[in-house]
1. Mind listing whichever residues of the range 400-416 are touching a helix residue (DSSP H, G or I) at 6+ places or on another chain (Cβ under 9 Å) and open to solvent by less than 10 Å² (accessible area, probe 1.4 Å)?
2. Condition first: under 12 Å from Leu306 (Cβ atoms) and charged (D, E, K, R). Now tell me which residues in the range 318-342 satisfy that.
3. Taking the condition of being touching a strand residue (DSSP E or B) at 6+ places or on another chain (Cβ under 7 Å) and at positive phi, how many residues in the range 84-123 meet it?
4. Report whether or not Asp130 is charged (D, E, K, R), open to solvent by less than 50 Å² (accessible area, probe 1.4 Å), in contact with a strand residue (DSSP E or B) (Cβ under 6 Å, 6 or more places away or on another chain) and at negative phi.
5. When the residues of the range 121-141 are filtered to those that are touching a helix residue (DSSP H, G or I) at 6+ places or on another chain (Cβ under 9 Å) and assigned to a strand (DSSP E or B), which remaining residue is nearest to Gly381 (Cα to Cα)?
6. Under the condition of being under 16 Å from the mean Cα position of the chain (by Cα) and small (Gly, Ala, Ser), which residue from the range 145-178 is most open to solvent (accessible area, probe 1.4 Å)?
7. Filter the range 449-487 down to the residues that are touching a Leu at 6+ places or on another chain (Cβ under 6 Å) and without any contact (Cβ under 8 Å) to a residue 60 or more places away in the chain and list them by number.
8. Consider Thr81 carefully, then state whether it is more than 30 Å from Met161 (Cα to Cα) and either among the small types (Gly, Ala, Ser) or at pLDDT 95 or above (or both).
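The values are calculated or read from the model by the stated rules, or taken from the named source; none is laboratory data. Fair warning: this is a prediction, and the values are worked out from it, not measured in the lab. Neighbour counts run over all protein chains shown; Cβ positions are idealised from the backbone, glycine included. When the accessible area is computed, the model is the full protein with side chains, heavy atoms only, and any ligands, DNA or RNA have been set aside. Shrake-Rupley method; radii C 1.70, N 1.55, O 1.52, S 1.80 Å.
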Amino acid sequence: MQDPAPAVADDKIRCDACPVMCFIKPHALGACDRYGNEGGVLVRVDPHVVLDHWLSDGGAVVPFNAGALDWDGSILREPATFITAIGAGTTYPDYKPAPFIVASEVEGVDMVTVVTEGIFSYCGVKVKIDTDRHLGPERALVRADGEPVGHVTTGEYGSQMLSLGGVHHLTGGTKREGRATCDALLALCNGAAVELTVDEGATVLVQAGKPPLVNGQVEERMRVGCGSATIGMFAKQWFGKVDEVVVVDDHITGVLSEHQAGKLLGIADSGIKMKGRRSTPGRYFQVADPGTGWGGTNIADPLQILGSFDPRKARPGLTMLMVSTTGEHASYYVLDEALRPVEQTMPDDLARSVALIQENCEPALSTVLFMGGAGGSLRAGVTENPVRLTRSVKDALTVVTCGGAPTYVWPGGGITFMVDVSKVPANGFGYVPTPALVAPVEFTLRLSDYEKLGGHMDHVRPLSEFRGPAAHRTRVPHRAENPWPLMPDAARGPHR
């Protein structure tokens, strides 16, 4: 993409693609590494990415005679090319029309896609880390390169959630904090690994779509459920093979003989006594402090969560399995004459049940969602009446995509969206040193609706202009798991 820019002294040109307004020397790049001075012309240096609906991941098939403009070989009714905003550039300040406003026909309906690389100071990422291990207390600061870049939010089912970035870290702290935050967000959004440390907690290596490393240890499994749920899933597997089972879990530890599943199976009381707070029969909270040991607790010996057995119900020879919710930890015990659990070699049939728990665990992954608000001045690059774009999105007349990937648009004011960064083409995100992230955003809607909301109709260009070869354009496969952005169903979007 090329954009003429006013020349200044020393053959420098001034870039107007972001608030920094760099003066760029010939054959040099601006502070963002996104724009350069090429022979006195301001050039977006990264290739502009278009999605190809023909190519599956791996790109084994290419469109026949792709350079032809009169007939492109398509047997599909909808256009097989989607113009993303990756590499399209920006038009800061946004009173100017977006870089590309592209018209196409989909199943006889005239559509338009408006693309721009939005500059987001108000943005962040939400990180889901599949682990039972305690990463740190809620509200604890999360640091990258020693600087605070976010905080621990909540523990969810089998995962710990982090909130990173946001305007206060990007712009409200020191310059170093803002840069560290921008660097961490950019790396995570582009699929790179980032080491994060939690105050009073763990060090975790996070990479979208990859298993997390907690204190240097690879997390392999996401638990099957809480301790109570695990009993519900596997109680029948244990019936007749062991007298008691305790599923150790930092949040809800389960006890088979007290649990409703055990009652329905007719399992006798074992006389077991648990530490912690009893919630409902067979379910205990706070049996230990959070940690990186058994079931996300701070214990290495599971017997620490047991009191003495009730001699009126327990008996010598009573057998007991203790297992964590991932099956990573498991031990087998037999009560001696003094009703003390003594660890023994685990019988094969119980070992198989532990293996079954492991088999039922999902692979532990790190998931990164970019979250930004496209409700600011960016809308002016789409329409002369920005609030109409917001209303159009809320009314599901306009679908919002990020590098062609589907987004979730939050209810309420503005156009605040989230996207799974692993669904965005590689290196789809950039930055500017204000600091802020640059994210691709596309708005697709009917051409007639675009005109009604005050769109820049005199800047609409036909899709055919983009089908031929171009020096700075790259065709990448459309990800099969993503809905095709130009399909009629896509316009309804997940936000509806």
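1. Val400, Thr401, Cys402, Gly403, Gly404, Ala405, Val409, Ile415, listed by residue number.
2. Arg340
3. Residues that pass the stated criteria total 2.
4. Yes: the conditions hold for Asp130.
5. Just the residues of the range 121-141 that are touching a helix residue (DSSP H, G or I) at 6+ places or on another chain (Cβ under 9 Å), to begin with: 121-125, 127, 131-134.
Restricting the remaining residues to those that are assigned to a strand (DSSP E or B) gives 123-125, 127.
Numbers: Cys123: 19, Gly124: 22, Val125: 25, Val127: 30 Å.
Result: Cys123.
6. The selected residue is Gly155.
7. Residue satisfying the conditions is Asp449 alone.
8. Details: more than 30 Å from Met161 (Cα to Cα): yes; either among the small types (Gly, Ala, Ser) or at pLDDT 95 or above (or both): no.
Answer is no for this residue.
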